[in-house]
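Single-structure report; data block below.
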Amino acid sequence: MSKIVVIGAGPAGCSAGYHLARSGHQVTLIDKESFPRDKICGDGVSLQSVQALFTMGIYPQDIKGKVSEFAPINGLVLGVSNGNYHIQTTQLEGYCIPRFVFDNLLYERAINAGCVPLTQSVTNIDRHHQALYNDFDYIIDARGVYAGEANAIAIRAYWSIKLEDFPEAYLSLAQIYFDKTLGVNGYGWIFPADIKAGLVKLNVGVGVWIDEYQKMNTNIIRLFDQFVQRNETTKELLSKIVSKQKPKAYPLATALKGNRVSYGKLLKIGDAANLTDPLTGEGIANAIESGLHVTQAINMSTSQELAAENWQRLYETCFEEDIRAALRIKSFRKYSFMNNMLLWLMKRNHRFSEQVTYAIVGSVPYNELLPSLKH
Ligand SMILES: Cc1cc2nc3c(=O)[nH]c(=O)nc-3n(C[C@H](O)[C@H](O)[C@H](O)COP(=O)(O)OP(=O)(O)OC[C@H]3O[C@@H](n4cnc5c(N)ncnc54)[C@H](O)[C@@H]3O)c2cc1C
């Protein structure tokens, strides 16, 4: 049994805490905020995330019966903002759940598994943070994007609209636009986040890559306004919105090739290990999965050196190939004609359309999709 501190109680930290505590380790789970707390996000719990949640003993019935805010998602609208889009439904259901609610569910799971909670901000974790290195056998860094390399930025707003004013066909669809109106490589989304008392709460947002964004004479709020005013669906909805929250921005740590995630006793997971999908900005699934794999690395190792080596190796085996495929697809996607061609092919070939959709929701790896795209 080891003494382990997990710093950060988002999906990655809660997953690591849950699995480590259940394996018999003594786990302290630290977060700078007390729960429930918000996290700026699209709130999309993809099929890959739904499957990852099974490893924490969280099943659809726990979501449907107990979660105070949620919307089921069983398909994707994939499009570009000029009105060219394609709809593909899925056999299985994902969700949209505000992170204020979702993260608390995971947090409770970790605490019930035996993690000892502590509210404290921990900065400068490195070899010089002597107290941590003296007190614990392992330090799991799950502090999210600020502990990783921020390379994208996204902005989110909640809108509410009367149920009768929202197109019924879109009620359980996630809309993702590879958005050319942004004038920069990015994406926009419209997700239903809750449907209650005759109102639909929508999570509306935009994500862009920082290197491209910095070259532009604009700001993220302007890009958000541009998206909502030019996108066919949001343009249509704007006049019917009954309440709007101010959009809030937050950085993302999208995946990097050849990333290092082990530094002796210090093991990085989730966004701290840059595990967000570079195509969609989806990071919850990899965050949860990385919490499970880091536990396996610790459990299979007889020393801290081996655990570090095993976590680095597991990271490369479980994530690296898919990251490389996603980055290759991302490089095609910045060309408008490629996005239009993708939609054209999806409209004509149902099997291909399913393959793309399931890759986007994470239940088919991008490296399986890549050969079809090349043809
Ligand atoms: C606008 C936006 C939209 C997104 N949409 C989606 C989506 O729809 N679906 C999806 O799957 N992903 C989405 N993502 C990505 C997703 O939010 C992240 O990938 C995911 O939250 C990563 O989980 P994590 O546990 O690694 O980090 P986080 O969720 O960021 O959790 C980190 C935790 O560490 C704590 N912490 C930070 N610093 C310290 C410190 N110094 N001391 C102690 N504690 C600390 C924080 O309080 C937090 O609780 C989106 C991201 C953004 C910005």
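The values are calculated or read from the model by the stated rules, or taken from the named source; none is laboratory data. Only a predicted model underlies this, so the values are computations on that prediction, with no experimental measurement involved. Glycine gets a Cβ as well: all are built from the backbone with ideal geometry, and neighbour counts include every protein chain shown. The protein model used for the area step is the full one, side chains on, heavy atoms only, and it has no ligands, DNA or RNA in it. Shrake-Rupley method; radii C 1.70, N 1.55, O 1.52, S 1.80 Å.
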Requested in this report: Could you check residue 12 against (1) of a type in the set (Gly, Ala, Ser); (2) within 17 Å of residue 108 (Cα to Cα); (3) surrounded by fewer than 24 Cβ atoms within 10 Å (Cβ to Cβ) and say which number it fails?
Outcome: (3)
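How about the range 93-124: which of its residues are over 23 Å from residue 63 (Cα atoms) and within 11 Å of the ligand (Cβ to nearest atom)?
Once the filter is applied, which keeps residues that are over 23 Å from residue 63 (Cα atoms) and within 11 Å of the ligand (Cβ to nearest atom), the range 93-124 yields 118, 119, 120, 121, 122, 123, 124.
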Report summary line: residue 318: passes all of (1) open to solvent by 30 Å² or more (accessible area, probe 1.4 Å); (2) without any contact (Cβ under 8 Å) to a residue 40 or more places away in the chain; (3) more than 16 Å from the ligand (Cβ to nearest atom); (4) part of a helix (DSSP H, G or I) but (3)
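Check the range 29-40 and report whether any residue there is away from the ligand (no atom under 12 Å from the Cβ), touching a Gly at 6+ places or on another chain (Cβ under 7 Å) and either small (Gly, Ala, Ser) or open to solvent by less than 40 Å² (accessible area, probe 1.4 Å) (or both).
No: zero hits.
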Report task. Answer yes if at least one residue in the range 99-117 is assigned to a strand (DSSP E or B) and not acidic (Asp, Glu), and no otherwise. Result -> yes
Report task. Output the number of residues of the range 220-262 satisfying the condition of being more than 16 Å from residue 278 (Cβ to Cβ) and either loosely packed, with under 13 Cβ neighbours inside 10 Å or charged (D, E, K, R) (or both). Result -> 16
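Say whether the condition of being more than 16 Å from the ligand (Cβ to nearest atom), surrounded by fewer than 23 Cβ atoms within 10 Å (Cβ to Cβ) and modelled with pLDDT of 95 or more is met by at least one residue in the range 321-334.
No, there is no match, as no residue in the range 321-334 is more than 16 Å from the ligand (Cβ to nearest atom), surrounded by fewer than 23 Cβ atoms within 10 Å (Cβ to Cβ) and modelled with pLDDT of 95 or more.
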Query raised in the report: In the range 46-96, which residues are open to solvent by less than 40 Å² (accessible area, probe 1.4 Å), within 19 Å of residue 18 (Cα to Cα) and touching a strand residue (DSSP E or B) at 6+ places or on another chain (Cβ under 8 Å)?
Result: 49, 50, 53, 63
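Considering only residues that are within 8 Å of the ligand (Cβ to nearest atom) and not hydrophobic (A, V, I, L, M, F, W, C), which ones fall in the range 279-289?
Within the range 279-289, 280, 281, 282, 283, 286 meet the criteria.
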Report task. Would you mind stating whether residue 141 is surrounded by fewer than 18 Cβ atoms within 10 Å (Cβ to Cβ) and acidic (Asp, Glu)? Result -> no
Query raised in the report: Going by the structure shown, is residue 223 at pLDDT 90 or above and within 19 Å of residue 97 (Cβ to Cβ)?
Result: no
Report summary line: All conditions in (1) in contact with a Pro (Cβ under 8 Å, 6 or more places away or on another chain); (2) touching a residue at least 60 places away in the same chain (Cβ under 8 Å); (3) at negative phi are true of residue 270 except (3)
Report task. Tell me, yes or no, whether the range 249-266 has at least one residue that is more than 20 Å from residue 187 (Cα to Cα) and near the ligand (Cβ under 8 Å from one of its atoms). Result -> no
